[in-house]
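Novice: Take this structure first; my questions come after.
The values are calculated or read from the model by the stated rules, or taken from the named source; none is laboratory data. Since we're looking at a predicted model, the values are computed, not measured. Cβ atoms come from the backbone with ideal geometry, glycine included; neighbour counts cover every protein chain shown. The accessibility values were calculated without ligands, DNA or RNA, using every heavy atom of the protein model including side chains. Shrake-Rupley method; radii C 1.70, N 1.55, O 1.52, S 1.80 Å.
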Amino acid sequence: MVEALQALRGVRLVAAATLVAELGDITRFTNPRQLMAYLGWVPSEHSSGRTRHQGGITKAGNGAARRMLIEAAWSYRFPARISRELLLRQERQVKPIRDIAWKAQERLCRRYRKLARAGQQPTVITAAIARELAGFIWAIAKQVQPMAT
């Protein structure tokens, strides 16, 4: 699992090992939104009667895993490309995992630029990218799980 997560841009050995240690069996989440909620990346809510106001993220989840994802998300501010180092990390992975990693890189780099053009603050953009990165981590975990059994 640690090697498979390293196929993603920005996720190196320390980040991958921390994520696996902190999250445990990622496949226990039935969908990526559950993983995002576990990490505390859901909007806070203030409700009274018919009035409903959503605020910033709750940050109620696993802080160590969230911190690793934030650090990894910073690398998506640059254009999508596969560096030599990333290519070496990916060459041991099966094609479906490499495909997920490339799809993640294309989508997250594009989303970072779109949010930056819209005038969002870099820290807010990075949190949004990290939240989506958690979804791609869930997808890779689902690919790794059938191979392990």
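Novice: If you find the alpha carbon centre of the stretch 41-95 and of the stretch 96-149, how far apart are they in angstrom?
Specialist: After rounding, the separation between the Cα centres reads 7 Å.
Novice: If you don't mind, there's one more thing I want to ask. Working out 0.36 nm times the residue gap between residue 99 and residue 143, then minus their Cα-Cα distance, what length gain in nm do you get to one decimal?
Specialist: Length gained between residue 99 and residue 143: 14.7 nm.
Novice: Within a Cβ distance under 10 Å of residue 134, other residues only, what is the Lys/Arg minus Asp/Glu net charge?
Specialist: +2
Novice: I would also like to ask the following. Please work out which option in [x] 1.01; [y] 0.99; [z] 0.96 gives Rg/Rh (Cα atoms, Kirkwood Rh) calculated from these coordinates, and answer with its label.
Specialist: Here the calculated entry is [y].
Novice: Send over a whole-number figure in Å² for the accessible area per residue of the chain, probe 1.4 Å.
Specialist: For the chain, the solvent-accessible area averages 58 Å² per residue.
Novice: Next question, about the same structure. Would you compute, from DSSP H runs of 4+ residues alone, the mean residue ellipticity of the chain at 222 nm, taking -39500 (n - 2.57) per run and dividing by the full residue count, rounded to the nearest 500?
Specialist: About -19000 deg cm²/dmol.
Novice: Once both labels are modelled 7 Å past Cα along the beta-carbon direction, what's the residue 114-residue 87 spacing in nm?
Specialist: Computed distance between label sites residue 114 and residue 87 equals 2.9 nm.
Novice: Next question, about the same structure. What residues qualify as long-range amide H neighbours of residue 57, i.e. H under 5 Å apart, gap of 5 or more or another chain, H built at 1.01 Å from N?
Specialist: Distant-sequence amide H within range of residue 57: 44.
Novice: For the stretch 1-100, which trypsin sites (Lys or Arg not before Pro) are in a loop by DSSP, counting at most 15 other Cβ atoms within 10 Å?
Specialist: In loop regions of the stretch 1-100 (DSSP not H, G, I, E or B), the sparsely surrounded trypsin sites (Lys or Arg not before Pro) are 50, 59, 81, 92.
Novice: What is the sum of charges, Lys and Arg at +1 and Asp and Glu at -1, for the other residues whose Cβ falls under 14 Å from the Cβ of residue 34?
Specialist: +3
Novice: Tell me, what % of the accessible area of the chain is carbon and sulfur with a 1.4 angstrom probe?
Specialist: 53
Novice: Would you mind getting me the FRET efficiency between residue 54 and residue 2? Use the beta-carbon distance for r and R0 = 41 Å, nearest 0.05.
Specialist: In this case the efficiency is close to 0.70.
Novice: On to the next question. Tally Lys/Arg at +1 and Asp/Glu at -1 over every other residue whose Cβ is under 11 Å from the Cβ of residue 73; what's the total?
Specialist: Summing Lys and Arg as +1 and Asp and Glu as -1 gives +4.
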